[in-house]
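The values are calculated or read from the model by the stated rules, or taken from the named source; none is laboratory data. All values reported here derive from a predicted model rather than from experimental measurement. Here the Cβ positions follow ideal geometry from the backbone for every residue, glycine too, while neighbour counts run over all protein chains shown. The area values use the complete protein model at the heavy-atom level, side chains included, leaving out ligands, DNA and RNA. Shrake-Rupley method; radii C 1.70, N 1.55, O 1.52, S 1.80 Å.
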Amino acid sequence: MRSFSPADQILFGLMNASLLFTIAYWILGFDRQFATGFAIEDGPVEYGTALMLLVSALVLAWQALRQFRLGQTLAGVCLVVYALIFVFGTGEEISWGQRIFGLETPDYLMERNYQEEITLHNIVVGGKQLTKTVFGGGLTVAILLYLLALPALYVKSAVVTRLADRLAVPVPLWRHGIMGVGASVVMLVVDIPRQWEVYELVFSLLTVSIFLAPANLAAFGRRKAT
């Protein structure tokens, strides 16, 4: 098993601490303090998530430049697309800087966004919030499949191996899957307001860890750490 790098020690430490804080607040019955302090909107958890999503995007962009320099155009383009997805996630997490810069919500979004802010994931379409349809449980399942199924298939299926490497898909290590499952279990057990903000933070920290040193490092022209 690959040893924990200094970066992973910090990232996994933050993940464990966030989950333990959430459990402690829940056990102690500090629901209000959790929702208005630790996990408050525009607080440390939310901004931490946005920051880690941005870091993930920057790591992917760096990997893309590396692939272009190696002459791997397809891999480079794929990584640029992945990076843009995380830039979008960063913007959505902080409402594209609306409260930071004091921006007014356009009338179109004011009428269709249930939080009346500059975000797409809170738009209501056909009486349903995109948060609960596109960005809800289905996304959670997709993330867990990425963390658990992809590593297994990458090892066992030559087709998946070739496809993942060709498309420069960073493959998680088993420790990432274990942390993802652990965080999911905590969220299912704990019942405290705004707990899902912590869930988002954990997964944003996970993506940074995965993108810095995926299981398929060789596909990115780098050697595995020992």
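Of all residues in the range 9-47, those satisfying the criterion of being among the charged types (D, E, K, R), open to solvent by 40 Å² or more (accessible area, probe 1.4 Å) and in a helix (DSSP H, G or I) are ASP31, ARG32.
Yes/no matrix, rows are residues, columns are (1) within 21 Å of LEU79 (Cβ to Cβ); (2) loosely packed, with under 13 Cβ neighbours inside 10 Å:
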site: LEU147; (1), (2): yes, no
site: VAL171; (1), (2): yes, no
site: VAL185; (1), (2): no, yes
site: VAL198; (1), (2): no, no
site: LEU201; (1), (2): no, no
site: ILE210; (1), (2): yes, no
site: LEU217; (1), (2): yes, no
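Pairs are defined by a Cβ separation below 7 Å, a sequence spacing of at least 6 or placement on different chains, a first member in the range 1-30 that is closer than 14 Å to GLU200 by Cα, and a second member that is small (Gly, Ala, Ser) and open to solvent by 70 Å² or more (accessible area, probe 1.4 Å); no pair meets this definition.
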